[in-house]
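Working notes for the structure below.
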Amino acid sequence: MEAHSSILHSNPAGISDAEIWQKLKKSDNQALRLIYDQHIKILYLYGRRFSKDKGVIEDCIQELFMTLWERRFIIGDTDAIRPYLLTSLRRRMIRVTSKNHIRIDRNFEIEKYDFNIEFSSEENLINTEDSSELINKLSTELNKLSKKQQEVIYLKYHCGLGYEEIADVMAINYQSARNLMHKSLLLLRKQFSPLLIILSILI
């Protein structure tokens, strides 16, 4: 796992994701609480990329954790909880927000779903007048990208995922994840290279 990803996957209790997951599977409700507390903010922000309806996002997250608890005896092992949760939430959000209830798997290309990167006061770490023009340019250029290109950038820079984790979350293969990122960054560089400098700070 990449260094940036490992930092974001750490927890204050010093317990690994694999250990927390095993505790969950043994019906430790404190493990479920820890998972919720560690990941609820990033899950909500990720959900907001698919829908601005707060109720829909909260319902999908609640369903995710209820299902996780109900299926704790039969779920597989994992040493990376965040990608697991993001994958589950993504499926739910797309199914709920898609008029056609798109089937999601590695053999099905999905582009007919909403995914929008935007900058809000909650997410921006730079909120000065000097940065506002740069932020606006960044938003404009990002919104010119396809939904998948926006999502791969978001998962990489905001969620701290590696390419294998991104591939799992988006139900694509590893090389496709790398190709999406490469093409996305090439497009951004052509327009405004300083965007890349602040990309990992703002998103």
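The numbers here are math on the coordinates, done by the rules we state, and not lab data. Because the structure is predicted, anything quoted here is derived from the model rather than measured. As a convention, Cβ positions derive from the backbone with ideal geometry for all residues, glycine included, and neighbour counts pool all protein chains shown.
For the listed residue pairs Lys41/Lys156; Lys156/Lys183; Lys52/Lys147; Lys148/Lys190; Lys52/Lys190; Lys137/Lys183, the alpha carbons are over 25 angstrom apart in Lys52/Lys190.
Converting phi to 3J(HN,Hα) with the Karplus coefficients 6.51, -1.76 and 1.60 and the offset θ = phi - 60°, the range 143-156 yields 6, 7, 6, 5, 4, 5, 5, 4, 5, 5, 5, 4, 5, 6 Hz in sequence order, with x at every glycine or proline. Placing pseudo-labels 7 Å out from each Cα toward the beta carbon at Glu133 and Gln30 gives an inter-label distance of 5.5 nm.
Using a Förster distance of 35 Å, how high is the FRET efficiency between Trp69 and Asp114, based on the Cβ-Cβ distance and rounded to 0.05? The pair Trp69/Asp114 has a calculated efficiency of 0.75.
Working ranking of peptides 154-167, 32-45 by packing, defined as the average number of other Cβ atoms within 10 Å per residue, highest first, is 154-167, 32-45.
With θ taken as phi - 60° and the Karplus curve 6.51 cos²θ - 1.76 cosθ + 1.60 applied, the whole-hertz 3J(HN,Hα) list for the range 83-92 is x, 4, 5, 5, 4, 5, 5, 4, 4, 5 Hz, x standing for glycine and proline.
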